[in-house]
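As structure tokens, the structure follows; a few thoughts come after it.
The values are calculated or read from the model by the stated rules, or taken from the named source; none is laboratory data. What you are looking at is a predicted structure, and each value in this text was computed from that prediction instead of being measured. When we count neighbours, we look across all protein chains shown, and the Cβ atoms used for this are built from the backbone with ideal geometry, even at glycine.
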Amino acid sequence: MDASLLLQLAFGGIVSGSIYALVALGFNVVFKSTDAINFTQGEWVMAGGMLAAWIHQQFAWPLVMLVPLAVGCIALLGLVSERLSIYPLSRPTPMAITLVTIGIAITTKALVMLTLGKQPMSLPSFSGAESIAIGGASLQPQALWIVGLLLATMLGVHLFFERTLLGKAMKAAAADRDAAALVGINVARTVMWCFVIAAGTGALAGIIITPMTLTSFAAGTVLGFKGFSAAMLGGLGSLRGALAGGLLLGLLESFAAAFISSKYKDAVAFVVLLLLLFFRPSGLLGRAQIQKI
Amino acid sequence: MHAQISATTYRALGILWVLLAALPWIAPNNYWLNLGTLWLTNLLLIASLNLLMGYSGQISLAHGAFYGIGAYVSGVLGAKYGVSPWIGLPVALVATGVVAFAVGWPTLRLRGHYLAMATLGFNAIASVLFVELRDWTGGPNGLVNIPPYTLFGVKLDSDRSFYFLALIAVGIALVLLLNLLDSRTGRALRALSTAEVGAQCMGVDVHRYKILVFVVSAMFAALAGCLYAHHNAFVSPESFDFMVSTMLVVMVALGGTGHWWGAFLGALIYTVLPEVLRSFGDLELLIFGVSLILVLLFFPRGMGGALDLLCAKIAGLRSRGPGAKPPSADARGAGADS
């Protein structure tokens with residue numbers, strides 16, 4: 001087993017792990033504010049990729065215009081979905097919200113299928129397809145974009161929650177709805193913004209992975225599933241957990257495929273997940289929940 | 001479901017079963033009979049998941065996997081080793097029960113989303129195994145040549161004979177379920193579904209009962225799997241994947257979480273909806289998604305809850321009819337600890 005192969009596997013794991021992390025980020029933002037599992041996350045990832053690819057195909061706009069436009073559209077879709085179906089819930093329990101997001105997921109998938117078609121679509125790489133050789137392993141330039149944009153997004157979201165008034169209000173509402181409402185925070189609106197962030201970051205993940213993998217209307221379920229697993233690995237509700245969980249899941253899959261069996265690579269990741277749940281239920285970086293009675 | 005298990009429930013179930021027994025003579029053709037069989041299997045799946053969701057307030061995203069383990073264990077024993085399906089059945093039930101116990105034991109100690117997460121991971125593992133244990137399961141193409149049930153040398157493979165077999169099997173299972181709810185165990189379950197901490201203080205071993213419910217519900221799913229495998233003579237992995245488990249959870253909610261008759265309605269929707277939507281072609285998915293959202297918005301207690309309200313209205317009842325019962329387990333959700 002030589003070093004270049006290990007490096008190659010690590011590159012592969014980090015790239016897919018970055019995507020998982022970005023999807024997990026959306027899960028965690030919504031989980032933090034509603035305690036619900038957002039089944040729509042994967043569909044937003046898919047919708048982002050599909051929309052960007054469609055705009056590219058129809059208008060051939062440059063990426064600097066196309067990417068923000070597609071992210072903005074899907075973020076808007078997240079906002080509209082929340083206002084139309086989560087906000088009117090008479091009893092917004094985590095269970096009810098979770099179930100409604102299954103409905104939104106199916107609707108989103110259907111809308112993409114009906115408007116953008118059933119064909120797989122692709123995007124050109126952001127900066128050429130020429131591989132870069134590092135230490136005997138090759139790396140596509142798109143991989144650097146993926147890792148870079150992941151880190152930039154993580155930093156941006158972190159700063160948003162720490163430095164802006166809206167971000168702080170959202171943190172407060174997530175920590176204690178009633179107390180936040182008492183000091184004048186519109187809690188329902190913070191939930192709406194969480195959906196906007198989740199949809200926007202999800203769409204970005206979908207766009208940056210499309211040049212490497214293609215995308216189609218059916219791709220959302222698997223991406224959502226992987227993202228949710230990453231969120232669980234890292235600890236639900238934690239931003240750094242999303243990053244750690246995503247990268248861990250990506251690396252696990254990559255190395256398990258090489259050293260154990262490519263057939264069982266998905267199972268390996270989930271066995272690790274179960275073991276983690278059994279022995280450290282709050283996730284790698286999550287904090288244990290303390291139950292007050 | 002709470003406090004409603006009475007002689008009336010048994011009687012209503014009996015009447016329903018007598019009516020259902022007449023279906024083969026009423027149904028214009030075997031298509032309707034097969035829908036009836038499908039409904040019975042789905043009912044078993046949804047009623048058992050409803051038991052778990054209604055009483056422990058937890059979501060299991062592995063009901064499809066338990067259904068699949070039942071189907072594959074009994075199916076593989078029959079197809080590859082020539083074991084009688086009547087022997088395969090108890091083997092499949094015990095195997096599923098043991099697996100469910102192993103998944104439930106560590107996770108049901110914890111409150112919150114842990115069961116949902118563990119079962120989701122478990123379903124993913126089971127799906128991989130159904131595909132990759134090729135020598136037994138036949139891989140992605142599925143397992144073929146599963147023998148039918150036989151009785152006194154007669155093969156129960158006609159649509160009509162299997163319908164009766166399913167009717168009897170599901171009927172027995174539902175009576176067992178009712179008995180369970182009507183017993184000391186049922187009272188403990190009812191206590192823990194309304195006030196978990198309170199029940200604990202009164203000496204109810206909450207962890208033990210939650211595991212019991214989880215294991216029992218998984219074994220009922222396995223029974224449904226056995227019936228499915230030996231009726232269909234063929235099983236393939238996608239019948240038991242994560243999406244199936246998710247849809248089962250959705251159907252429990254649509255029927256009404258914790259509502260005894262809700263499961264019957266949920267099973268009806270799950271069985272009939274694909275048949276109805278098929279004529280809409282590509283619009284199928286959109287109609288399903290939108291109607292799911294609408295039902296959840298306008299009938300938060302599902303069709304069962306809506307039915308209660310309707311009954312209460314029709315009877316012009318006292319203000320505390322069955323529709324006005326206090327918010328039950330469905331209000332508590334999976335994140336009851338938040």
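The table below lists the values:
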item: Tally, over the range A:19-59, of residues that are out of contact with any Lys or Arg (no Cβ under 8 Å at 6 or more places or on another chain) and acidic (Asp, Glu); result: 1
item: Within the range B:73-112, tally of residues that are farther than 21 Å from B:Pro237 by Cβ, away from chain A (no Cβ under 14 Å) and among the hydroxyl-bearing types (Ser, Thr, Tyr); result: 1
item: Test set (1) under 14 Å from A:Val196 (Cα atoms); (2) within 14 Å of chain B (Cβ to nearest Cβ); (3) touching a residue at least 40 places away in the same chain (Cβ under 8 Å) - A:Pro92 fails condition number; result: (1)
item: All positions within the range B:229-252 that are in contact with a helix residue (DSSP H, G or I) (Cβ under 8 Å, 6 or more places away or on another chain) and of a type in the set (S, T, N, Q); result: B:Ser236, B:Ser239, B:Ser245, B:Thr246
item: Selection status of A:Gly246, modelled with pLDDT of 80 or more and on the phi > 0 side of the Ramachandran plot; result: no
item: Number of positions in the range B:292-308 that are facing another protein chain (nearest Cβ under 8 Å) and either within 14 Å of A:Thr107 (Cβ to Cβ) or polar (S, T, N, Q) (or both); result: 4
item: Residue in the range B:237-252 that is away from every other protein chain (no Cβ under 14 Å), in contact (Cβ under 8 Å) with a residue 12 or more places away in the chain and either crowded, with 24+ Cβ neighbours inside 10 Å or assigned to a helix (DSSP H, G or I) (or both) present; result: yes
item: Helices (runs of 4 or more DSSP H) enclosed by the range A:155-213 - at least 1 residues per element that are at pLDDT 95 or above, aliphatic (A, V, I, L, M) and under 23 Å from A:Phe126 (Cβ atoms); result: A:187-213
item: For B:Gly203: the one exception among (1) away from chain A (no Cβ under 14 Å); (2) assigned to a helix (DSSP H, G or I); result: (2)
item: Counted residues, the range B:83-107 - those being surrounded by fewer than 24 Cβ atoms within 10 Å (Cβ to Cβ), in contact (Cβ under 8 Å) with a residue 60 or more places away in the chain and not β-branched (Val, Ile, Thr); result: 9
item: Yes/no for B:Asn179 being on the phi > 0 side of the Ramachandran plot and surrounded by fewer than 19 Cβ atoms within 10 Å (Cβ to Cβ); result: no
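Per-residue answers, yes or no, for (1) more than 22 Å from B:Asp241 (Cβ to Cβ); (2) of a type in the set (A, V, I, L, M):
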residue	(1), (2)
A:Gly202	yes, no
A:Leu243	yes, yes
A:Leu252	no, yes
A:Ser261	no, no
